[in-house]
Amino acid sequence: MDRSSAPELLDIAVEVARNAADTAYRMRAEGVSVTATKSTVTDVVTAADRAVERQISDALRRLRPDDAMLGEEYGAAQPGSDAPARVRWIVDPIDGTVNYLYGLPHSAVSIAAEVDGEVVAGVVRNIHTGEEWTATLGGGAWRDGRRLRCSAETDLGQTLVITGFGYDPARRAHQARVVAELIPHVRDIRRLGAAAIDLCLVAEGRADAYYEKGLAAWDQAAGALVAAEAGLRVGGLGGRAPGPDMVIAAPPAIFAPLHDRLVDLDADGGP
């Protein structure tokens, strides 16, 4: 299996994500219950998070029994066979859980497919609006049949930047200091609360750039592929790959000045 399998994997991801988003939407209409917390008391898990991830897991196991999976709520799952899995699904059942809890229309199901450790297909579907972003490696990024192109902005001072915050109070305080120092050098800052959707909004030019510290693989796997396929440069700091220390997605002309400003501000520092 190689990159040529990406369209097939995307078809599966889209089917599963649509059904999962329908379940999440229905459960939100029926009322949301908080079942647990994660990193802090404000970092919540709802019954829907777990139910939706279980639905996705069951569907993928039925359709692709020899694949592995990494999900936010239940962690890593290996196939029943002894052979190592070449395909791994990376799943966030509800990205933007706090938005979902409050009924704010900015949360999504995010599913990405890796082949031999490289993300080759991804879908992000807004639970509330039905907006759906897709991408395959080398095949472009799309929404509603329209190929996406990122912003052509070249001036950091005219750049609308999306970011996010962690839930640990000390980390939030550090991230707030970074924003306070960054905002005089950009057009403005937005904090919307769902990394997967944020990356997709930047992919279609509804904002210019995005950065955030603390993202897990499931937060950014599908959205980062959409962003990269729309022409954004996606990376970490100091030439590192995007990961928990930092994810930056910006037009090529903006990446370096934004990167350097974030380095100066110690954006990947603190807790």
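The values are calculated or read from the model by the stated rules, or taken from the named source; none is laboratory data. The shown structure was predicted, so the numbers you read here are calculated from the model rather than taken from an experiment. Reconstructed Cβ throughout: ideal geometry from the backbone, glycine too, with neighbour counts over all protein chains shown. Surface areas here come from the heavy atoms of the whole protein model, side chains and all, with no ligands, DNA or RNA. Shrake-Rupley method; radii C 1.70, N 1.55, O 1.52, S 1.80 Å.
In terms of its C-alpha gyration tensor, the stretch 27-77 comes out oblate, because a/c is 1.5 or above while a/b does not outweigh b/c. Which FRET efficiency value, to the nearest 0.05, do you get for Arg26 and Tyr102 by plugging their Cβ-Cβ distance into 1/(1 + (r/R0)^6) with R0 = 25 Å? About 0.90, to the nearest 0.05.
Please give the direction-averaged projected area of the C-alpha convex hull for the stretch 104-243, in square nanometres with one decimal.
The directionally averaged projection comes out at 8.8 nm².
Working from label points 7 Å from Cα in the Cα-to-Cβ sense, the Thr129 to Arg190 distance is 0.8 nm. When you restrict to C-alpha pairs under 8 Å that are six or more residues apart and normalise by the size of the chain, the relative contact order lands at 17 percent.
Taking a quarter of the surface of the Cα convex hull of the stretch 48-111 gives a mean projected area of 4.2 nm².
Counting 0.36 nm for each residue step from Arg240 to Ala216 and taking away their Cα separation leaves a gain of 7.1 nm. For the stretch 1-134, the ratio of Cα radius of gyration to the globular rule of thumb 2.2 N^0.38 Å stands at 1.04.
Which percent, nearest 5, of DSSP beta bridges in the stretch 1-141 are antiparallel?
The answer is about 90 percent antiparallel.
Among the trypsin sites (Lys or Arg not before Pro) in the stretch 57-142, those located in a DSSP loop and surrounded by at most 16 other Cβ atoms within 10 Å of their own Cβ are Arg86. Relative to the current alpha-carbon distance between Thr154 and Arg3, full extension at 0.36 nm per residue lengthens the span by 51.2 nm. Taking label positions 7 Å along the Cα-Cβ direction at both Ala256 and Ser39, the computed distance is 3.2 nm, reported to one decimal.
Residues His259, His185, ordered by accessible area of protein heavy atoms at a 1.4 angstrom probe radius and largest first, appear as His185, His259. Protein-only accessible surface at a 1.4 angstrom probe places the residues Glu30, Glu131 in the order Glu30, Glu131, largest first.
First compute the accessible area of the chain with a 1.4 Å probe, then give the percent of it belonging to carbon and sulfur atoms. Carbon-and-sulfur percentage of accessible area, whole number: 50. Here is the list for the stretch 233-264: trypsin sites (Lys or Arg not before Pro) lying in DSSP coil, each with at most 15 other C-beta atoms within 10 angstrom of its C-beta, are Arg240. Residues whose amide H falls under 5 Å from that of Ile127, counting only those 5 or more places apart or on a different chain, are Ser107, Ala108, Val109, with hydrogens built in the peptide plane.
Eigenvalues of the Cα gyration tensor times 5, then square-rooted: what semi-axes does that give for the stretch 198-271, in whole angstrom, largest first?
Semi-axes, largest first: 18, 14, 10 Å.
Based on Cα contacts under 8 Å between residues 6+ apart, the stretch 155-237 shows a relative contact order of 35 percent. Computed over the chain, the convex hull of the alpha-carbon atoms projects to a mean area of 13.5 nm².
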